[in-house]
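Okay, structure first, notes after.
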Amino acid sequence: MSVPTAVPPASSPPRARLESWKSIAAYLHREVNTVQRWERHEGLPVHRQAHGKAGSVFAFTDEVDAWHRQRSTVVTPSAGGAIVDPDTATTVPGMQVPARGAASESEAGTPARPPAPLAAASGRRRADERRTPPRWRSWYLPVAALAIAAAVWFGWRGQSGESTTGLGAADVRSVAVLPLRDVSAQAGEEYFADGMTEAVIARLATATNLTVTSRTSVMKFRDGTSSLPAIARALRVDAVLEGSVTRAGDRVRVIATLVDARRDVQLWSGEFERPIENVLALQGEIADAVAGAVRATVRGAGTNRDVSSASYTHYLRGRVLLDENTRTALQQAIREFDAALVADPTFAPAYAGLASAHDDLSNTIIGAAVGAGGSERSIAAATRALELDPDLAEAHSALARGLMGQLKWRQAEASFRTALDLNPSDARTHLWFGEWLAVKGTADEAVASARRALALDPLSARTMAAGAFVMGLAGAHDQALPVLRAALAMRPDYFQAEFFLGINLAAAPSTLGEAIGHMESAARLSGRSPEVLARLARLLDRAGRDEQARAIARELLARREREWIAPTAVGSAYEVVGQRDLALRELERAFAERSRGVHLLTRTSQSDALANDPRYRALMQRIVAE
């Protein structure tokens, strides 16, 4: 909405101006997107001036203040100072009228700003006016005006935010939390904003019945160039939560806005500020407020205990590194989680992060030379996390992965199901459980679990590749192939997508040559990971390219003398060079040590000579025997 610029009389004092969208948003304690939406739909008085081919916006603070007073939901102070919505007679949590004598911003030498809006869109205001009797208005509005004037005078700013749960709010069942913008004064705090984004996602997913998109997909939109409706369509969600986080010393402030992205209508906005020690409670308040705005069910209170600033800082750094999923990043993540636990040995989420990092690092595809014992370290950290917090979904998921690696199938299933009960929106847990289902022979359920993960994390090449791998384990190669091609279109240098594409193409003799090409790319991109080389050697052997296959096998056997290589990969090398007894010995060692990947042997094709060996068939039965 464009408002003609008003020219004050010559005798008038200069009017205070806000010279950009950013300064208008800061004045109102809201995001730029929010104030632009107010200007379009609710008449926020913003002026435009043209100069050359460019243009800029500005606003007068007195006009903004007047608009804000007219827009805000009418409030009256109740006994005890809490703010009450007179239409519903309910107390707005966290809202207090400052005590008499409190210093205002004006008295402190800075211009007074309007309070953060409590509610609601113009449509709701009109509905309120229609059902308010005239006699009620005769005293309702003067009291309301006094309450608002008092709030402005004392520099009051609400901490709970505004809610516009009108038509359509009850239809919101899925939410994407966009990357929180770091607006801290000091540099180098991006990790904190990213970590807080993931923490809010996890809290919403575990504390409400909303479906919440995974962090890896929402990170695609951190540049802020896409419209909210476009983001909602890409992520297949009903609503989008956007906002910013500020860390100043040992205090954290989060400003957030929830938008029904299908209609571009704001449902709720709020501002929250706490000492960093209370950051878990802050995350809970955000989750509760969002759930209330869309009338979602709150499933649990979550963990609201205090955590030291040092511990939480190390924890957030570890979370960001964990998502990178490279050998170097995972090793650094372990150091960060260890540091978090030195600062606070009772912080359960740090143990859960440590369990996930140890499990990821032991992945033989990544090629980390961690030796045996990766699943034991993961199980130990996850068990300690659950001793401290039995309802921590990530810890149940990490424990399940470790138990599956130990071939404790029934215990793993129970832990997977508990993790999904606590957090149905965790795409990674759906992937791992899909792997469990595929190995245990329930193919349709495995594919369904993989597809659920893809729906929760639709723009992640990592999730696409892992989901397609699960489909392939279940025998659904025709469904896996287009997913893997889409992952490579999104991320052409992702070696795991090349690796899984090679595995799935190799299922059909007609595409064996193409499979070898993708496996060669995976070997190059992974830095000649032993697991990838072992697979490549076996594919070459199947294609009759014996000399190339044996050269790779000899490379693996030579490397074994100077670095740790998983016994499953060593077994493949011996298989290619025709030493069946040594191959079986290595597979037996993998079983005895519960080496990473041994649980997948039953779904892995071998040479006819090895597959028909009675000793091999007996080993396969022992793997799934529990």
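The values are calculated or read from the model by the stated rules, or taken from the named source; none is laboratory data. The structure displayed is predicted, hence computed values, not measured ones. In this analysis, Cβ positions are derived from the backbone assuming ideal geometry, glycine residues included, and neighbour counts consider all displayed protein chains.
Residues of region 222-236 that are within 22 Å of A289 (Cβ to Cβ) and in contact with a helix residue (DSSP H, G or I) (Cβ under 8 Å, 6 or more places away or on another chain): L228, I231, L235. Hey, does region 205-217 have a residue that's free of Cβ contacts under 8 Å to residues at least 24 places away in the same chain, in contact with a helix residue (DSSP H, G or I) (Cβ under 8 Å, 6 or more places away or on another chain) and not in a strand (DSSP E or B)? No, region 205-217 has no match at all.
Criterion first (touching a His at 6+ places or on another chain (Cβ under 8 Å) and over 17 Å from T604 (Cα atoms)) does S415 satisfy it? Break it down stepwise before answering.
Details: touching a His at 6+ places or on another chain (Cβ under 8 Å): yes; over 17 Å from T604 (Cα atoms): yes.
Yes.
Which residue, of M471, M519, is within 27 Å of V624 (Cα to Cα) and crowded, with 20+ Cβ neighbours inside 10 Å? Walk me through it before giving the result.
On the way: M519 fails: within 27 Å of V624 (Cα to Cα).
From the options M471, M519, the qualifying one is M471.
Here S163 clears all of (1) modelled with pLDDT under 90; (2) surrounded by fewer than 22 Cβ atoms within 10 Å (Cβ to Cβ) except the condition numbered (2). Only helices (runs of 4 or more DSSP H) whose full extent lies in region 237-350 are considered here, and the ones with at least 3 residues that are aliphatic (A, V, I, L, M) and in contact with a strand residue (DSSP E or B) (Cβ under 6 Å, 6 or more places away or on another chain) are 279-293.
Would you check which residues across region 276-298 are of a type in the set (D, E, K, R) and either surrounded by 19 or more Cβ atoms within 10 Å (Cβ to Cβ) or not assigned by TED's automatic domain parsing to the domain that holds L258 (or both) and list them? Let's see the steps before the verdict.
First, the residues of region 276-298 that are of a type in the set (D, E, K, R): 277, 285, 288, 295.
E285, D288 - these are the residues of region 276-298 that are of a type in the set (D, E, K, R) and either surrounded by 19 or more Cβ atoms within 10 Å (Cβ to Cβ) or not assigned by TED's automatic domain parsing to the domain that holds L258 (or both).
Do we have any residue at all in region 430-449 that's under 23 Å from R542 (Cα atoms), touching a residue at least 40 places away in the same chain (Cβ under 8 Å) and not acidic (D, E)? Walk me through how you get there before you give the answer.
The first filter runs over region 430-449 and keeps only residues under 23 Å from R542 (Cα atoms), leaving none.
No: zero hits.
On the given criteria, is L407 within 24 Å of the chain's Cα centre (by Cα) and not assigned by TED's automatic domain parsing to the domain that holds L210? When the stated conditions are applied, L407 does not pass them. If only residues of region 494-515 that are more than 35 Å from the chain's Cα centre (by Cα) and either farther than 21 Å from M471 by Cβ or of a type in the set (G, A, S) (or both) are counted, the one that is surrounded by the fewest Cβ atoms within 10 Å (Cβ to Cβ) is S510.
Residue by residue through region 223-276, note down the ones that are basic (K, R) and within 25 Å of E189 (Cβ to Cβ). Give the steps one after another, and end with the answer.
So the first thing to find is which residues in region 223-276 are basic (K, R), and the list is 233, 236, 247, 251, 253, 262-263, 274.
Within region 223-276, R247, R251, R253, R274 qualify.
Each row is one residue, and each column tells you yes or no for (1) in contact with a helix residue (DSSP H, G or I) (Cβ under 9 Å, 6 or more places away or on another chain); (2) within 20 Å of L422 (Cα to Cα); (3) buried (at least 22 other Cβ atoms within 10 Å of the Cβ); (4) modelled with pLDDT under 80.
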{"residue": "S174", "(1), (2), (3), (4)": "yes, yes, no, no"}
{"residue": "Y191", "(1), (2), (3), (4)": "yes, no, no, no"}
{"residue": "E198", "(1), (2), (3), (4)": "yes, yes, yes, no"}
{"residue": "A202", "(1), (2), (3), (4)": "yes, yes, yes, no"}
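Okay, residues lined up against (1) of a type in the set (S, T, Y); (2) more than 39 Å from the chain's Cα centre (by Cα):
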position: L533; (1), (2): no, no
position: R538; (1), (2): no, no
position: G544; (1), (2): no, yes
position: E547; (1), (2): no, yes
position: R550; (1), (2): no, yes
position: L557; (1), (2): no, yes
position: E561; (1), (2): no, yes
position: T568; (1), (2): yes, no
position: A573; (1), (2): no, yes
